Each structure stands twice: as C-alpha cells, then as structure tokens.
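Participant: Next up is a structure, given as structure tokens.
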Amino acid sequence: MRRLAAAALAYLITLAARLVTAARAVWAGVPPLPEQRIYFANHRSNGDFVLIWTMLPPALRARSRPVAGADYWLGSALRRFVIRDVFDAVLVDRSGRAPKGAAIVAMLAALDAGRSLILFPEGTRNAGEAPLLPFRPGLYHLAAARPEIPLVPVWIENLNRVMPKGEVVPVPLICTVVFGEALQLEPGEERDAFLARAAAALAATREAECGP
Amino acid sequence: MTGWDRHLLLLSLGTLVLLVLFTAVGQVLRARLGEGPMVANFNTRVKAWWGMAALLALAFMAGRSGVVLLFAACSFAALREFVTLTRFRRADHWAMVTAFFVVFPLHYYLVWIDWYGLYAIFIPVYGFLFLPIIAVLRSDTSDFLARIAETQWALMLCVFCLSHVPALLYLRIPGYEGGNVLLIAFLVVVVQFSDVMQYVWGKLLGRRRIAPGLSPSKTVEGFLGGVATATLAGAGLWWMTPFTVLQAGGLALVITLMGFLGGLVMSAIKRDRGVKDWGHLIPGHGGFIDRLDSVIFAAPIFFHLVRYWWSTA
C-alpha cells in the first residue's frame, strides 16, 4: 500500500515537473547508463533534485539517492513520506549538532550499497548573481574515500527563473539539465585544487550547452 | 454534407496523398542512400508533419472551440519558448506570471467569445501599459526597457498575432457561411507550402545567399522559387475560398512575403540570443516558433485584408 502510494506519487511528481518545465536532458559528457556515479549539481531552487531525478531514465533513477537536508524534510509527516519513500533520499543534518563527518558516513554507506548519489556541493541555495558558490569539502571527502566512482557534473539551467526563492507561482519556462564529462580525483591531488577543478567542470558543462 | 465539408474533405485527401508521397520518398531515400543525417532529418520532419496535420484535422472536426483550443496550446508553447530566451530577472516574476496565467487565457477567451473590439487592443494597449507597471513595483531598473520590451514582444508575437488564425473563424462573409475553417486551411497550407518550397528550391538551385548575416540557408533562388510556387498553389486553391483566382493568388503572395520576412525577423532574434532553434519539442523542426514564425507574421495581415474587403463585421 505504502509502496503503491509512493510509486503513484513519484509518477505525479515527474509528470508535474515535466509539464511545468518541459524539461530536456542533454547527455553531453556521459551516456545515460545505469553505472554507479556521483552526480553533483548547481543549487538554486528547492526543485533542483526533483528535476534531476525526473530527467534520469527509470533504471538510473531507481539506483540514485538524492542528498537532502534533514531539518526541512523531517518537518512534517507528508515531507517525511515523500523524502523517504518516494525519493529514498540520504538525509544529512545541517544544524551542526550531529557529530562531525556523520553526513559523509551516511553517503558512503549509500555508495557501498551500490547506489548513486545526487548532491549539491555548494551546500546551500545560491540566491546571488554569481553562477556558483564555493564548493564545500564534502565532495572531496567522498572522492578521496571512493576514488573509483566517476563524478558527473550536472548543470540545471533556468529552474531558478521558474520558481525563484520565496515565490509561490511558477513561470512555466523551459529547463535544461546538462550532464557533463565525468571526472575523478587524481592521485595526490590536494583538496582545494580538486574542488576548484570540480567547480570548473560544472561551469564548463554549462557553457558547452547554454553559452557564456 | 454541405459544399464546404466536401471542400474540406477534398483538401484533407490532398494533404493525405502528399504526406504518403513524402513518406514514400523518405523510405526510398533511406533504402538508396542509407540512414545519413540528412535523410534521417527528412524522415523525422515528415513524421512531425503527420502529427501536425492530424492535430489540425482533429481541431477542424471539433469545430470553433477545438480550433481556438489548438492555437491557444500553440501560443502557450511558443510563449514559453520565447520567454525562456529573454533576459528576464527575478523582478519580472509577477509580470511573467500575469502574462502566462492572466493575459494569455483572457486574450483567448475574448477571441473565443468573438469580442473583437476588446481583443484587438487588449495586449497592444492594456498589456503594454500594465505589465511594465507590475514589473516596476519591484524597483529593479537594470535592463528595464529591454526587459519590458521583451515581455511585450513575447505576448504580441506568440499570443496576439498567432490568435488571428482562429479569429478567422468568426469573420462573417456573405455567401461563405460555414466555410471559414477553409480560410484557416488556406492560410496554413500556403504558409507551410511556401516554407517547404523555399527549402526545396534552395537545395536544388540555391547559389546566392539572400541574407548571409541572418540565415545561411536562405537563398535568392529559394526565395523566388518558393514565393512563386506557393503563390500559384494559393491561386489554385481559390475554389475553397471566397476569392477569385486572381485574388487568391494576390493574397497568397502577401502571405508568403510576410512569412518570409517574419522568418528573417525571428532568425535575427535567435542570432541575437545565440541559439539555432527556439526549442526542441517538435522532432526535426526544433521548437514551436521555428514552425510558426511565418504564420505569426502572415496571420494578422491576412485577417485584416479579408476582414476589410470581404467581411461584413
């Protein structure tokens, strides 16, 4: 019953996301194959992971778990149901009260179970003019712990204009989700150099498809 | 079955024959030349033509409301493609919400209830004045003129101009009662035939580019050949219109010229925004605006000419 409700809700969510955004996936750097990956994307809207999740073909979607903030998603029974049963998300505590490194441990557990991850290395929603905020170190820790898993940059274009922070009615613009060329941590690569390279790869993914 | 129904049936059969022919040509090309990009594109285009013809036929069968609904759907798709390419900012959010969820449906409602006096000025005057007012309330002045101009252009092209196609249904032409749907068929057939023939003549004979800065694929030969063929075809369709052969040819000439020039204007906008196609929803053709750009520019002029010289109201 619960599973049926989750499947129905998942269908409705993807349908709504497609209707509002007429979204299109561009597999520019990697093919849509169900291999284990860490998708990392720019973060401007609450709908970001929903859109990426919608754009993944079913086989890839079943394998992927978005990473989301526990504070918001555990706030009500409906949200709890949606985030756990529909999206099967990895919930992380952003309040600072959890022990240091707990979030990485939870993500590594998901990876070790063979799942892919969808995460937003900026850590918070970008509401400014700059295309990207500086990356948090979490992505580096994951790459250092599991260097064999490819990291796929995902650029979400336009969703922030569909529904900017604080608005309630969406403007039905066309969104594009671009999957860029995968990267991996080089042997001996420093944290800051790696994070800069990952951010540059995400920016390049955008420029290849959406112009400067 | 009235005389007009028979005409419509005849036209549908003609379209069907053409589509079958093109499909056959596509299959022969594939068998002869293999699945190259050019052949594949031709075949996806033909497939999309089948879909478009079927939708139009379905709308014609459903009558006035069906046709208004179909073009409202086209307007919505076109509007979202256009707005996606504009530089609108957070401050325009409510102006955009108003454009999509108030102005657009209200305009089509006015067309549907045939209130010409109001829908003829609703977007050109009321949209023109009130959308900038909504935008200015957020007091973000950067690119302000460009932003409000883009909003107005989006609504004028994608909603106002395009809605003149279904508006043709409401013209009262003495002796042509019940035949208006054929005016839409005439307009759409001439415009689309002109687009196809410009492409065909351009591929066959095209040498000199007509507007190299705007569109690398448009040639003088394609333009002349396309306009001449589509004008002749329009004249040949006089039997389903209230026009004489000469009048039908003259109107077809105006339609094809407006369509061509409209295509140039829309190419210039695409160039400016740095894209090749307006969208991706019609396989092989690009977006809705890529297919509708000529209709958008031809429809209001055709509507006004017919309204002024043939209609009683």
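Participant: Looking at this structure, is B:I133 surrounded by 18 or more Cβ atoms within 10 Å (Cβ to Cβ) and not charged (D, E, K, R)?
Facilitator: No.
Participant: To continue, here is another question. Which of the residues belonging to the range B:49-75 are surrounded by fewer than 18 Cβ atoms within 10 Å (Cβ to Cβ) and within 14 Å of chain A (Cβ to nearest Cβ)?
Facilitator: The answer is B:A73, and nothing else.
Participant: Within the range A:163-178, can you find the residues that are surrounded by fewer than 24 Cβ atoms within 10 Å (Cβ to Cβ), more than 8 Å from every other protein chain (Cβ to nearest Cβ) and within 18 Å of B:W278 (Cα to Cα)?
Facilitator: Within the range A:163-178, just A:T176 meets the criteria.
Participant: Now, a different point. Hey, among B:A233, B:A248, B:A268, which residue is under 30 Å from B:R87 (Cβ atoms) and either under 17 Å from the mean Cα position of the chain (by Cα) or not hydroxyl-bearing (S, T, Y) (or both)?
Facilitator: None of the other options fit; the residue is B:A268.
Participant: Of all residues in the range B:194-208, which are buried (at least 23 other Cβ atoms within 10 Å of the Cβ) and of a type outside the set (S, T, N, Q)?
Facilitator: The answer is none; no residue qualifies.
Participant: Can you tell me how many residues within the range B:74-90 are assigned to a helix (DSSP H, G or I) and touching a Phe, Trp or Tyr at 6+ places or on another chain (Cβ under 9 Å)?
Facilitator: 11
Participant: Can you tell me which residue is farthest from A:L33 (Cα to Cα) among those in the range A:123-153 that are hydrophobic (A, V, I, L, M, F, W, C) and part of a strand (DSSP E or B)?
Facilitator: Looking at residues that are hydrophobic (A, V, I, L, M, F, W, C) and part of a strand (DSSP E or B), I get A:L151.
Participant: Here's something else I'd like to know. Out of (1) under 19 Å from the mean Cα position of the chain (by Cα); (2) at the interface with chain A (Cβ under 10 Å from one of its Cβ atoms); (3) over 30 Å from B:T15 (Cβ atoms), the odd one out for B:P105 is which?
Facilitator: Of everything listed in (1) under 19 Å from the mean Cα position of the chain (by Cα); (2) at the interface with chain A (Cβ under 10 Å from one of its Cβ atoms); (3) over 30 Å from B:T15 (Cβ atoms), B:P105 misses just condition (2).
Participant: To continue, here is another question. For residues that are more than 26 Å from B:F128 (Cα to Cα) and β-branched (V, I, T), scanning just the range B:155-186, find the one that is surrounded by the fewest Cβ atoms within 10 Å (Cβ to Cβ).
Facilitator: Result: B:I173.
Participant: Name the residues in the range A:77-117 that are over 16 Å from the mean Cα position of the chain (by Cα), closer than 20 Å to A:V152 by Cα and small (G, A, S), would you?
Facilitator: Passing the criteria: A:A109, A:A113, A:G114.
Participant: Moving to a separate point now. Which one is nearest to A:P170 (Cα to Cα) among residues in the range B:82-99 that are facing chain A (nearest Cβ under 7 Å) and more than 25 Å from the chain's Cα centre (by Cα)?
Facilitator: Selected residue: B:H93.
Participant: Another question about this same structure. Working carefully through the options A:F40, A:F49, find the one that is under 16 Å from A:V178 (Cβ atoms) and modelled with pLDDT under 90.
Facilitator: A:F49
Participant: Scan the range B:36-74 residue by residue and report those that are of a type in the set (G, A, S), touching a Leu at 6+ places or on another chain (Cβ under 8 Å) and under 19 Å from B:I113 (Cα atoms).
Facilitator: B:A59, B:A62, B:G66, listed by residue number.
Participant: Any idea which of A:R94, A:R65 is in contact with a Ser or Thr (Cβ under 8 Å, 6 or more places away or on another chain) and farther than 19 Å from A:R191 by Cβ?
Facilitator: A:R65
Participant: Then there's this: Kindly establish whether B:F288 is under 29 Å from A:A25 (Cβ atoms) and either within 14 Å of another protein chain (Cβ to nearest Cβ) or at pLDDT 95 or above (or both).
Facilitator: Yes, satisfied.
Participant: Return only the number of the condition from (1) facing chain B (nearest Cβ under 10 Å); (2) farther than 20 Å from A:A68 by Cα; (3) part of a loop (DSSP other than H, G, I, E, B); (4) among the charged types (D, E, K, R) that A:E181 does not satisfy.
Facilitator: (1)
Participant: Criterion first (in a helix (DSSP H, G or I) and either of a type outside the set (S, T, Y) or not assigned by TED's automatic domain parsing to the domain that holds B:L292 (or both)) does B:L214 satisfy it?
Facilitator: no
Participant: While we're looking at this one, here's another question. Take A:P137 and tell me if it is closer than 19 Å to A:F194 by Cβ and modelled with pLDDT under 95.
Facilitator: Considered against the rule, which asks whether it is closer than 19 Å to A:F194 by Cβ and modelled with pLDDT under 95, A:P137 comes out as yes.
Participant: Suppose the filter is in contact (Cβ under 8 Å) with a residue 40 or more places away in the chain and at negative phi; does B:M52 pass it?
Facilitator: Here the answer is yes, as B:M52 does meet what is asked.
Participant: Name the one entry in B:F128, B:F101, B:F122, B:F88 that is outside the structural domain of B:K270 (by TED's automatic domain parsing) and modelled with pLDDT under 95.
Facilitator: Going through B:F128, B:F101, B:F122, B:F88 in turn, the sole match is B:F88.
Participant: Quick one: which helices (runs of 4 or more DSSP H) sit completely within the range A:1-87 and have at least 1 residues that are among the charged types (D, E, K, R), within 14 Å of chain B (Cβ to nearest Cβ) and out of contact with any strand residue (DSSP E or B) (no Cβ under 9 Å at 6 or more places or on another chain)?
Facilitator: Per the criteria, A:2-21.
Participant: Name, by its number, the condition in (1) closer than 22 Å to B:G179 by Cα; (2) surrounded by fewer than 19 Cβ atoms within 10 Å (Cβ to Cβ); (3) not basic (K, R) that does not hold for B:L261.
Facilitator: Of everything listed in (1) closer than 22 Å to B:G179 by Cα; (2) surrounded by fewer than 19 Cβ atoms within 10 Å (Cβ to Cβ); (3) not basic (K, R), B:L261 misses just condition (1).
The values are calculated or read from the model by the stated rules, or taken from the named source; none is laboratory data. Keep in mind that what you see is a predicted model, and the values were worked out from it rather than measured. Every residue, glycine as well, gets a Cβ built from its backbone with ideal geometry; the counts of neighbours run over all protein chains shown.
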